[in-house]
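The values are calculated or read from the model by the stated rules, or taken from the named source; none is laboratory data. Small disclaimer: the values here were computed from a predicted structure and weren't measured. Every residue, glycine among them, receives a Cβ derived from its backbone with ideal geometry; neighbour counts consider all protein chains shown.
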Amino acid sequence: MDFSAIGMELGLLALALLFLAMGVLLPKKESRTSLAAISVVALLALFAYGFSFYRGGEAASFYAGLYVVDNYAVFFKQLFILSAALVVLFSSDYVERLLRSRAEFYAILVFAVLGMCVMASANDFLTLYIGLELMTISFYVFVGLRQRDALSSEAAIKYLVLGAAASAILFFGVSFIYGAAGSLRFAAVVSSPQLFTPLGIVGMALVFAGIFFKLSMIPFHMWAPDVYEGAPAPVAALLAMGSKAAAFAVLLRLVLAVFPPLGGMWLSLLAILAAVSMVGGNVMAIVQDDVKRMLAYSSIAQVGYMLVGVVAADAAGMKALLFYLALYAFANIGAFAVLTAVEAQRGKPDMANVTGLARTAPVLAAVMTISLLSMAGIPPTAGFAGKLYLFTAVVDQGGLWLAFVGFIMSMISVYYYLLVVKAMYLGEGPKEPVKISGALRACVLVSVALTLALGVYPEPLANLTNFVAATFF
């Protein structure tokens, strides 16, 4: 077996085990300062190492083809790892002050990223399920890290119960597919004439239902607002981006490589779910007072926008989706970095505690404004370029009505995003300044720089996503 094919995964595993050992062996004061630094440096090194895996020829594989390392998987792995590095940057001060389980925080974070990487490279349903459970179980623990916080414990229990049910539904669907196709390997499933029997179709529907839960798209969204509100802000950031990106990595591979003959019926269903998620997420976000809860509903709408790229089902749609996932990660991290600082020093990040933020922390207010405008798709941020790519791709495939719904919902989202901006710049709030650590400042500046740079000059990322889309087209 060629272990070099899983070099990124082995690096993540070694890093997670190192953190667990450091938590036991190192003095508390030393581990406080060293854990975050080691985590950021190691994750950035793995991100850079990922570029060596891109190739123009045949994809590498591991363990008899059950695990594939193609350009598509490498792109997602780099996205997971870079996002995790930025989350560590802005959460290091938060973790030191508010969490007792510091080493465990970084270890669980790396295990969650490892699960996402396994999902991106899975080439059979059993490997996919193992990666899914590694990611999901890590998040179960993550959400409940604030052991003395009743809201955090409540969110963890809700996520555990509903997440376990969703995983069971997905695995039940996998058993149906195995019964119909006689194999769990993607290549064998796609070539099986029995896949489209009633048993196989029910199996596919159950698998998709499990994935839709991880995406928190309507009507599988009920867990998201409570979990985002109760989870620590850094955890909510990774959950909002990481789990969704991992679920999209699986969804795209299934739609394009495993179930390609799905035809118009399944794509029409996805189009309807995309429209419902865009409408429902944006409408429910309008009435929220807690900013984390508002971003939870906003993330449901963002999933609707991303599904537009899946509905296009061509190279342009895939490129648009990959581009939008990356820019959403940067905007999402910028917004949650601000909320992390507010939550650590003022408590619950509701409208009252972000009011007047421009006077006490102008850098944080500016970062939040740019991040929200990017999510809304306002130029010159990267969100505008991303939505332009998405809507153009689906219009070219005859989905004008879906692009129109997306455009209208984007305009509606501007309203509740500007409510936050208005409160920060025009409201009178707490007078005490919100302190910004050097690590958090570096994180927000990087996220804002990427958000603006990709809006003005999207070609580098667009070219990369074009190259990655060639995996399937």
Would you call Arg97 out of contact with any strand residue (DSSP E or B) (no Cβ under 8 Å at 6 or more places or on another chain), on the phi < 0 side of the Ramachandran plot, at pLDDT below 90 and not in a helix (DSSP H, G or I)?
-> no
Is it the case that some residue within the stretch 361-382 is of a type in the set (Val, Ile, Thr), touching a residue at least 24 places away in the same chain (Cβ under 8 Å) and not in a helix (DSSP H, G or I)?
-> yes
Among residues of the stretch 40-58 being surrounded by 11 or more Cβ atoms within 10 Å (Cβ to Cβ) and part of a loop (DSSP other than H, G, I, E, B), the residue nearest to the chain's Cα centre (by Cα) is Tyr54
By my count, helices (runs of 4 or more DSSP H) wholly in the stretch 226-336 with at least 3 residues that are modelled with pLDDT of 85 or more are 244-253, 263-286, 291-312
By residue number, the members of the stretch 287-298 that are more than 15 Å from Val276 (Cβ to Cβ) and not basic (Lys, Arg) are Val287, Gln288, Asp289, Asp290, Val291, Met294, Leu295, Ala296, Ser298
Collect the residues in the stretch 217-238 that are of a type in the set (Gly, Ala, Ser) and under 19 Å from Val113 (Cβ atoms), keeping them in residue-number order.
-> Ala231, Ala233, Ala236, Ala237
Would a scan of the stretch 36-46 turn up a residue that is out of contact with any Gly (no Cβ under 9 Å at 6 or more places or on another chain) and modelled with pLDDT under 85?
-> yes
Please determine, by comparing only the residues of the stretch 196-207 that are free of Cβ contacts under 8 Å to residues at least 40 places away in the same chain and surrounded by fewer than 21 Cβ atoms within 10 Å (Cβ to Cβ), which one is farthest from Gly65 (Cα to Cα).
-> Pro198
The residue that is modelled with the highest pLDDT, considering only those in the stretch 145-167 that are crowded, with 20+ Cβ neighbours inside 10 Å and not small (Gly, Ala, Ser), is Tyr159
Residues in the stretch 380-408 that are of a type in the set (A, V, I, L, M), within 26 Å of the chain's Cα centre (by Cα) and surrounded by fewer than 22 Cβ atoms within 10 Å (Cβ to Cβ): how many?
-> 5
Subset of the stretch 141-152 [touching a residue at least 60 places away in the same chain (Cβ under 8 Å) and either of a type in the set (Asp, Glu) or outside any loop (DSSP other than H, G, I, E, B) (or both)] = Phe142, Val143, Asp149, Leu151, Ser152
